[in-house]
Amino acid sequence: MSVNLSLEPRPVPLTRLDNGVYRVTDSRIPLERIVEHYQAGETPEQIVDAYDTLRLADVYTIIGYYLEHREAVEEYVREQEVEGDKMQRMIEAAQPARPGFKEELLRRKALMEKRNAEAGH
């Protein structure tokens with residue numbers, strides 16, 4: 001008995017949006033998240049566990065693509081980081097100055113955690 005395996009190439013499950021961002025097809029997960037997790041030493045199974053919209057076979061295919069095109073993908077990731085930094089600066093520049101805001105949020109968080117601990121949560 002002989003089994004015939006299908007050896008057809010599988011397309012990389014990435015979709016390029018109009019703004020040039022690559023996302024895992026049928027998800028909102030950008031390519032750079034997969035690469036970041038992989039570079040941090042996570043397995044494809046761990047990456048899928050982190051994002052419930054991903055399929056394991058897709059993550060393996062994307063990592064394979066990354067390994068075959070490492071230089072181009074890493075350049076893309078760097079460009080995305082630059083664009084993200086620009087966007088963050090633009091948003092921060094449009095926000096009014098709020099001295100002490102971070103400290104206020106941390107104080108509120110501590111108070112909430114204390115109340116939750118007292119309530120047994």
Obtain the nm distance between the two label points defined at Phe101 and Arg16 by a simple spin-label model: each point lies 7 Å from its Cα along the Cα-to-C-beta direction.
3.7 nm
Largest fluctuation, Pro44, Pro13, Pro99 only, Gaussian network model of the chain with Cα springs under 10 angstrom, belongs to Pro99
What accessible area per residue, rounded to a whole number of Å², is obtained for the chain using a probe radius of 1.4 Å?
80 Å²
Using the Cα centre as the reference, give the magnitude of the dipole from point charges on the C-beta atoms of the range 36-111 (Lys, Arg: +1; Asp, Glu: -1; all else neutral), rounded to the nearest 20 debye.
680 debye
The range 68-121 versus the range 39-67: alpha-carbon centroid distance in Å
24 Å
If you plug each phi of the range 46-58 into the Karplus form 6.51 cos²θ - 1.76 cosθ + 1.60 with θ = phi - 60°, what whole-Hz ³J(HN,Hα) values come out, in order, with x for Gly and Pro?
5, 5, 4, 4, 6, 10, 6, 8, 8, 9, 4, 4, 5
Starting from 0 in steps of 10 Å, tell me what percent of the Cα-Cα pairs of the chain lands in each bin.
11, 28, 22, 23, 12, 3, 2, 0
Using a probe of 1.4 angstrom, how much of the accessible area of the range 5-121 is carbon and sulfur, in percent?
53 percent
GNM, the chain, Cα, under 10 Å: largest mean-square fluctuation among Val24, Val82, Val59?
Val82
Phi to ³J(HN,Hα) by Karplus 6.51 cos²θ - 1.76 cosθ + 1.60 over the range 6-23, Hz, x for Gly, Pro:
6, 10, 6, x, 9, x, 6, x, 10, 10, 8, 7, 4, 7, x, 7, 9, 10
Once amide H atoms are built 1.01 Å from N in the peptide plane, which residues 5 or more positions from Ile29, or in another chain, come under 5 Å H to H?
Val24
For the chain, with a Gaussian network of springs between Cα atoms less than 10 Å apart, report the residue from Ile91, Ile63, Ile34 with the top mean-square fluctuation.
Ile91
Determine the calculated [θ] at 222 nm for the chain from helices alone, applying -39500 (n - 2.57) to every DSSP H run no shorter than 4 residues and normalising by the residue count; nearest 500 deg cm²/dmol.
-19500 deg cm²/dmol
In Hz, Karplus ³J(HN,Hα) per residue of the range 73-84 (6.51, -1.76, 1.60; θ = phi - 60°; x = Gly, Pro):
5, 5, 5, 4, 4, 4, 4, 5, 5, 4, 5, x
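The values are calculated or read from the model by the stated rules, or taken from the named source; none is laboratory data. Note that this is a predicted model, so its numbers are computed, not measured. Neighbour counts are summed over all protein chains in view; Cβ atoms, including those assigned to glycine, are modelled from backbone coordinates with ideal geometry. For accessibility, only protein heavy atoms count, side chains too; no ligands or nucleic acids. Shrake-Rupley method; radii C 1.70, N 1.55, O 1.52, S 1.80 Å.
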